[in-house]
Amino acid sequence: MPSSEVVETRLDLITMQMQQLAEIVGRYTVSSISDPATEQSNYALIQALQSDLGDFDKLTTAGDILTHNGSAYIRLARGDSDQYLGVSGSALTWKDLVIDLASSQVAGVLPRANGGFMPSQNAVSLAANVAIGATGTWVTGPSFAQGSSGVWLAWGTVTINAGASSARVSARLTDGTNVKASTTTTWPSAVTPAVVSLSLSGFFANPPGDIRIQGLNADSTGGGFIYNQSGQGKDCTLNVIRIA
């Protein structure tokens, strides 16, 4: 095959790569192949382009990225499915996504406010019965010392012995100043034992005191919080979590 045909065949191959090689081709001047006197120059040009083409041949696997390290083109293999493309110094690199709830706010995650928040649930339960000894007096059952800043979600259930038939029993969820939920019930006279379970929930913003569930008996002094009526030891439990 004549040398001019070799040059033309190779030039056809180069043409298909022109879009990717635009930056490289710009560094060279192509001489007319119709002039035999310039065939040697064209051949040298082809060799130079083929040398640069080798950089693009570095991409061997689906997902590969061609990048530059400041002196040469290099292959960056694809990362894992849970990684993102980041920068380390001046180089591209795959990084693991890390969500630090204690120091950052991330979309889709409960936000952090001044002072941070505890993402885990805090649960407190009475470890012994607590008597409600005075009629009409609020007595504290399970409570949690959460501090006085932030927004808190609290919920819980208490089991109270009414002490007598037809006794009116109440419960409230409070921080000592603000009552966020309350309920009351009257125990039927024909039912024994006179035990009732009450559930409450609510939000607190910058609570001035410990979040707590309190109980009150309007008619009897013989009742109180029962911590283990079920045998599970969690019959009077308060759950608290900071959400902002």
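The values are calculated or read from the model by the stated rules, or taken from the named source; none is laboratory data. Predicted model only: the values in this text are computed from it and were never measured. Cβ sites come from the backbone with ideal geometry, for glycine too, and all protein chains shown count toward neighbours.
Only one residue in T177, T157, T185 is surrounded by fewer than 20 Cβ atoms within 10 Å (Cβ to Cβ), touching a Cys at 6+ places or on another chain (Cβ under 9 Å) and among the hydroxyl-bearing types (S, T, Y). Which one?
Checking each option against the conditions leaves just T157.
T185 fails exactly one of the following numbered conditions: (1) in contact with a Leu (Cβ under 9 Å, 6 or more places away or on another chain); (2) modelled with pLDDT of 95 or more; (3) polar (S, T, N, Q). What is the number of that condition?
The single condition T185 does not satisfy is (2).
Every residue in the range 195-217 that is surrounded by fewer than 14 Cβ atoms within 10 Å (Cβ to Cβ) and touching a residue at least 60 places away in the same chain (Cβ under 8 Å), please.
P208
State yes or no: is S201 at pLDDT 95 or above and either touching a Lys or Arg at 6+ places or on another chain (Cβ under 9 Å) or farther than 21 Å from N122 by Cα (or both)?
It is true that S201 is at pLDDT 95 or above and either touching a Lys or Arg at 6+ places or on another chain (Cβ under 9 Å) or farther than 21 Å from N122 by Cα (or both).
Exactly one of (1) within 28 Å of I243 (Cα to Cα); (2) among the polar types (S, T, N, Q); (3) modelled with pLDDT of 85 or more is unmet by Q105. Its number?
The failed condition is (3).
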